[in-house]
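The numbers here are math on the coordinates, done by the rules we state, and not lab data. What you see is a predicted model; the values in this text were computed from it and never measured. Positions of Cβ are generated from backbone atoms using ideal geometry, with glycine treated the same way; all protein chains shown enter the neighbour counts.
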């Protein structure tokens, strides 16, 4: 399904405020799923630590080799996604989130297509990413887009790593 979403880079303080709001919504969504995944998110991203991470978004993701995107559907911001360099010619895609109101409209796939294109345009040749095993639709989407399964690519505690699915894609 083709998406009617429009995309914009985060450039203004207002854009980054909206991005932070979506990222907090994403964290709340993950915690709301309950079970071990929710405990892992709460442990890995305690409120104070997550707030500090949100404060660093412009530096980490708007710097050379990184980027941020917002998706709008019918003029309303409904999704976000970002990437950052983590090694030479390697980007990590993070926090791809689509609000409930926009699910089923192809926004997630369109966001991923845009982020992959942005990674290529930034000179990256490989993308790494992860998502929770509990997010079956996301896992299916990434596999359908040519991402291959792989092991962890960063130092993650084993009890958290077992809750995640790791991906890699050459671009």
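Pulled fully out, how much extra length does the chain show between residue 144 and residue 24, if you take 0.36 nm times their separation in residues and subtract their Cα-Cα distance?
Details: separation 120, 0.36 × 120 = 43.20 nm, distance 2.72 nm.
Going from the current span to full extension adds 40.5 nm.
Distance from the alpha carbon centroid of segment 57-82 to that of segment 131-162 works out to 21 angstrom. Summarising the label geometry, the points placed 7 Å from Cα in the beta-carbon direction at residue 44 and residue 9 lie 2.8 nm from one another.
Report the gain in length on full extension from residue 153 to residue 113: 0.36 nm times residue separation, minus Cα-Cα distance, nm rounded to one decimal. Mind showing how you got there, number by number?
Working: separation 40, 0.36 × 40 = 14.40 nm, distance 2.20 nm.
In short, 12.2 nm is gained.
For the chain, the alpha carbon positions stretch 39, 33, 32 Å along the principal axes, listed from largest to smallest.
Share of pairwise Cα-Cα distances greater than 16 Å in segment 1-68 is 56 percent (whole percent). Our analysis of segment 124-171 gives Rg over Rh at 0.97, with the two radii drawn from alpha carbon positions and Rh computed by the Kirkwood formula. Each residue, residue 160 and residue 56, gets one label point 7 Å from its Cα in the Cβ direction; the gap between the two is 1.3 nm.
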